[in-house]
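I have placed the structure first, in the form of C-alpha cells, so that the comments after it can refer back to it.
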Amino acid sequence: MASSRAVHLKYGEYLVTLAGCIECHTPAKQGKLVQGMTLAGGQEFRFPGAMAVSANITPDLETGIGRWSEQNLLDRVYQYKEYAEKGSPQVGPESFTLMPWLNFAQLKPEDLKAIYAFLRTRQPIYHVVDLHSVWQAQGNRGKPRG
C-alpha cells in the first residue's frame, strides 16, 4: 500500500501533467523539449512586438523556486483571486504573462500543495531566465513576473 506522501506526490505529478507545466516551463529547440532542462524555464512565446518567457520552476535556489515556501506558492497564486473578484490590476509589458493564473487561483489549497510537493522533488537546474527580454531591450525595465 502506498504511503500518503507517495499518493500526495503522485497527485501533484498528475496536476502538473494535466496543466501542461512541463511543456510551457521547459525550453524547446526546433519544436522539441530540451533534454535535461525539464521545468527549467526559458520557453519563448512570441507575439507581434512582444515575447513572454516561462520561469524556472525547478527547486534551484538561485534561479528557480527553491527558496519558495509552500505558503509563497499559495500567496502567489491566490493573489489572482482578488484580480478575478475586483478587476484587473494595471497591466503593462513588464507584467505580461501567459501563465493561467486565474485557472490556478481556483484550485483548492490541497491541490496547490500537491503541485508544490511534486515540484520540490524535481532536479534543481541552474538556468537564468530573462522573463521579459524584448521589453527590457527597449528600456522598459519592470519587475519580471512568471
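Computed from the coordinates by the stated procedures, all read-outs in this text should not be read as laboratory data. This structure is a prediction, so every number in the text was calculated from the model and none was measured. Because the Cβ atoms are built from the backbone with ideal geometry, glycine has one as well, and the counts that use them run over all protein chains shown.
A few comments on the model shown:
- With eigenvalues of the C-alpha gyration tensor scaled by 5 and rooted, the range 4-137, Å: 23, 21, 13
- Cα-based Lys proximity count in the range 4-137, under 18 Å, for pairs eight or more positions apart or on separate chains: 4
- Fully extending the segment from L18 to A6 would add 2.5 nm, taking 0.36 nm per residue of separation and subtracting the current Cα-Cα distance.
- Per-peptide packing, taken as the mean over residues of other Cβ atoms within 10 Å, places 27-36, 50-59, 116-125, 5-14 in the sequence 50-59, 116-125, 5-14, 27-36 from highest down.
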